[in-house]
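Let me begin by presenting the structure, written as structure tokens, before commenting on it.
The values are calculated or read from the model by the stated rules, or taken from the named source; none is laboratory data. These numbers come from a predicted model, not from an experiment. Every residue, glycine as well, gets a Cβ built from its backbone with ideal geometry; the counts of neighbours run over all protein chains shown.
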Amino acid sequence: MTDVPNAPTADRPTVISIDAMGGDGGVEAVVGGMEKSAVKNAEIRYIVHGDAAALEAAIARRPDLAAITEIRPAEKVISMDEKPSHALRHGKGSSMWNALETVRGGEATVAVSCGNTGALMAVSMLQLRKLPGVNRPAIAVLWPSRGKTGQNVILDMGADIRADAGDLLQYAVMGASYARNGFGIDRPRLGLLNVGTEEHKGRAELHEAADLIEAAAESGHFTYVGFVEGSDFASAEVDVIVTDGFTGNVALKAAEGTAHLIREYLHRAFEATLFSRLSALVAMPALKRLSKSMDPRRQNGGVFLGLNGTVIKSHGGADATGVSAAIKLAFILAQKGFSEKLAARVASGVPGAKDGDPQRNAEAA
């Protein structure tokens, strides 16, 4: 495989564009996450957008971060409850808008935002446009799993609540490329979410999608394992699970709520009596490992797939650790030249896309 054009090198560091104004944790959480990632990755450089005074104050306390960060003032902020249509009409000049503009203009390789998901997707589609052949972009998230990588790729998680058979095929091709480039899985195992694994179960469009995905598996360089159920999200037998955005988003929110509930139950159980509190001290190392494995911050970062550029959506409530995880993911994908590889894969593997250059397609991820 030849080098990806314009990929970051030792002489050309990875520039990540950050929307610093969207998250619940404010500028401090975003800047803290930037610092954590920069310490681990010397090749990172930042362009950060938002309240100049707040950013300058937060970054000034971190001299090493200041040396690799360019602050660009943005007076506007797209709020978490703002409708996507309003963001499209009035978002120009906001921190989110400007962060995406640097990716479109080639100044940065990838954008990261903790902001409004709907607005971010709408502005991303306007600024970066969809890849040729892609009908609906998708949001891919990481799900803790029993597999070797410790995480599975699930998509779509809410970019669009509708998805027909052709859309699900596109999600499969893009999800497999993400797993391959982001996590080094040479031939990802891919499942299609259904209400059962039996062939006769499910809606007609799922059966149509299953046929399309199975037919595309060889050219898409993935293995189709068939229908999977919700209980398989954490399975070691699959690497990518494809579903529509409505189902995916409901599953994600249900899992987040359940994880919080389990943590609360454990806390209550160990606080109930003196004996249980003493037991908690003995079990503390195991509890810390459990807490770490269930910590959603370490799986933070949804990738918008199907655009002419890479956009990472961090959880709105992310603290510095969560923001750092999203930036780490952005850095890995930028280093891999993921955007260019995905474009080549879509061009060569999705019905309706124009045939690309044969050599480029042969080198597709």
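Values for this structure:
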read-out	value
All strands (runs of 3 or more DSSP E) inside segment 237-340 with 1 or more residues being modelled with pLDDT of 85 or more and among the aromatic types (Phe, Trp, Tyr)	302-305
Qualifying residue in segment 190-207 (condition: touching a Lys or Arg at 6+ places or on another chain (Cβ under 7 Å) and not assigned by TED's automatic domain parsing to the domain that holds Ala325)	yes
Qualifying residue in segment 182-199 (condition: aliphatic (A, V, I, L, M), crowded, with 21+ Cβ neighbours inside 10 Å, modelled with pLDDT of 90 or more and within 19 Å of Thr149 (Cβ to Cβ))	yes
Filter result (in contact with a Leu (Cβ under 8 Å, 6 or more places away or on another chain), part of a helix (DSSP H, G or I) and closer than 11 Å to Leu192 by Cβ) within segment 211-231	Leu212, Ile213
Positions within segment 101-126 being touching a Leu at 6+ places or on another chain (Cβ under 7 Å) and surrounded by 23 or more Cβ atoms within 10 Å (Cβ to Cβ), in sequence order	Val103, Val110, Ala111, Ser113, Val123, Ser124
Among the candidates Thr109, Thr117, residue that is under 17 Å from Ile327 (Cβ atoms) and either modelled with pLDDT of 90 or more or not basic (Lys, Arg) (or both)	Thr109
Number of the condition not met by Leu88 [criteria: (1) within 25 Å of His315 (Cβ to Cβ); (2) crowded, with 20+ Cβ neighbours inside 10 Å; (3) aliphatic (A, V, I, L, M)]	(2)
Verdict on Ser348 being crowded, with 17+ Cβ neighbours inside 10 Å and at pLDDT below 85	yes
Close pairs from segment 248-261: first touching a residue at least 12 places away in the same chain (Cβ under 8 Å), partner charged (D, E, K, R), Cβ under 7 Å, at least 6 apart	Gly248/Asp156
Among (1) under 16 Å from Asp319 (Cβ atoms); (2) β-branched (Val, Ile, Thr); (3) assigned to a helix (DSSP H, G or I) - the single one Ile59 does not satisfy	(1)
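Residue-by-condition table, conditions (1) in a helix (DSSP H, G or I); (2) within 19 Å of the chain's Cα centre (by Cα); (3) of a type in the set (Val, Ile, Thr):
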residue	(1), (2), (3)
Ser79	no, no, no
Leu88	yes, no, no
Gly166	yes, no, no
Tyr171	yes, yes, no
